[in-house]
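Single-structure report; data block below.
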Amino acid sequence: AGVGSGLSRWAPADLSVRNQGEGGLASSDNAHLNTCLLKPGDYLYVQYGHNESDTASFTSNLEKYLTLATSSQANLVIVSPVERRYTWDSTNNKWSRTLQSYATAGKAWVEDKIANGETNVAFLALNEYYSEWMNNELVRIHNVNSSVSLQDAIGFYYQCSKGGKVDS
């Protein structure tokens, strides 16, 4: 569902949040782009990185979102991907950051746009903070219930409605 589903919790009552987040998409997909109805002053939050093939195509694909936001007099916020449970580092009992390159690439892309005069683009760094939270949370969960291994402790946050499995 993307981070959009959580935004409404923190938004003022007079602010509308329209979440079009959908798992499995990459920045090259256009389904959401073609249905995005922006008004002047709106904020378009874009979060990709989980399903990309490489950082070069990822940042290249961000251009269409900036074009849409600019043509609508809206603002674009590139949100770094939250981390996934993909690579367990048994030497320090933590999940490794596997999406850091997309966070770095997205931040550099935004910084380049700002340096070249764009005023309607920003970057929201979730990757590092989420990774830190995730690894702290698994320790907390394990301390509450030591029968749950450190590696499995964070699985609750990755429950998937598709078949009830734990997603990476």
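The values are calculated or read from the model by the stated rules, or taken from the named source; none is laboratory data. All values derive from a computational prediction rather than experimental measurement. Positions of Cβ are backbone-derived with ideal geometry, glycine not excepted, and every protein chain shown enters the neighbour counts. The protein model used for the area step is the full one, side chains on, heavy atoms only, and it has no ligands, DNA or RNA in it. Shrake-Rupley method; radii C 1.70, N 1.55, O 1.52, S 1.80 Å.
Enumerate the amide H contacts of Tyr45 below 5 Å, restricted to partners 5 or more residues apart or on another chain; note that Pro and chain-start residues carry no placed amide H.
Val77
For the chain, what % of the accessible area comes from carbon and sulfur atoms, probe 1.4 Å?
Its accessible area is 50 percent carbon and sulfur atoms.
Summing -39500 (n - 2.57) over the DSSP H runs of n ≥ 4 in the chain and dividing by its residue number, what mean residue ellipticity at 222 nm do you reach, to the nearest 500 deg cm²/dmol?
The helix-only estimate for the chain comes to -11500 deg cm²/dmol at 222 nm.
Given a Förster distance of 41 Å, report the FRET efficiency between Val139 and Thr70 from their Cβ-Cβ distance, rounded to the nearest 0.05.
Values: r = 44 Å, r/R0 = 1.07.
For R0 = 41 Å, the calculated efficiency reads 0.40.
Could you tell me the calculated FRET efficiency between Thr119 and Asn51, based on Cβ-Cβ distance and R0 = 22 angstrom, to the nearest 0.05? Write out the running numbers ahead of the final one.
Numbers: r = 30 Å, r/R0 = 1.36.
Between Thr119 and Asn51 the formula returns 0.15.
Scan the range 104-160 for trypsin sites (Lys or Arg not before Pro) in coil per DSSP, keeping those whose Cβ has at most 10 other Cβ atoms within 10 Å, and list them by number.
On the way: sites: Lys107, Lys113, Arg140; in loops: none.
Within the range 104-160, no trypsin sites (Lys or Arg not before Pro) qualify (loop, at most 10 other Cβ atoms within 10 Å).
Taking the simple approach of a point 7 Å from Cα along Cα-to-Cβ for both Asn34 and Ser16, what is their distance in nm?
Result for the modelled spin labels: 2.3 nm.
When only DSSP loop residues count, what GluC sites (Glu not before Pro) in the range 25-83 have their Cβ near at most 14 other Cβ atoms within 10 Å?
Values: sites: Glu52, Glu63, Glu83; in loops: Glu52, Glu83.
Qualifying residues, ordered by number: none.
Compare the peptides 36-49, 69-82, 8-21 by average per-residue count of other Cβ atoms within 10 angstrom and give them in order, highest first. Write out the running numbers ahead of the final one.
Values: 36-49: 16.6, 69-82: 19.1, 8-21: 10.4.
Per-residue mean Cβ counts within 10 Å order the peptides as 69-82, 36-49, 8-21.
Roughly how far apart, in whole Å, are the Cα centres of the range 30-84 and the range 106-151?
18
Using a/c under 1.5 as the rounded threshold, could you call the range 3-72 rounded, prolate or oblate? The axes a ≥ b ≥ c are square roots of the C-alpha gyration tensor eigenvalues, and prolate needs a/b larger than b/c, oblate otherwise. List each step's numbers first, then the result.
Details: a/c = 2.31, a/b = 1.46, b/c = 1.59.
The shape class here is oblate.
Considering only DSSP beta bridges where both residues belong to the range 1-142, give the percentage that are antiparallel (nearest 5). If you can, show how the numbers build up before the last one.
Numbers: 2 of 11 bridges.
Taking every DSSP beta bridge within the range 1-142, about 20 percent pair in antiparallel fashion.
For Asp152 and Ser60 in the same chain, what is the full-extension length gain: residue separation times 0.36 nm, less their Cα-Cα distance, in nm? Let's see the in-between values first.
Numbers: separation 92, 0.36 × 92 = 33.12 nm, distance 3.59 nm.
In short, 29.5 nm is gained.
Can you tally the net charge around Thr59? Count Lys and Arg as +1, Asp and Glu as -1, for every other residue whose Cβ sits under 11 Å from the Cβ of Thr59. Please list the in-between numbers first.
Values: positive: Lys107, Lys113; negative: Glu52, Asp54, Glu63, Asp112.
Taking every other residue near Thr59 into account, the sum is -2.
For the pair Tyr86/Asp112, report the inter-label distance in nm, with labels modelled 7 Å from Cα in the Cβ direction.
Taking the simple label geometry, Tyr86 and Asp112 are separated by 2.1 nm.
Applying 1/(1 + (r/R0)^6) with R0 = 22 Å to the Cβ-Cβ distance of Ser168 and Glu128, what FRET efficiency is obtained, to the nearest 0.05? Please report the intermediate quantities before stating the final value.
Working: r = 19 Å, r/R0 = 0.85.
Taking R0 as 22 Å, the efficiency between Ser168 and Glu128 is 0.75.
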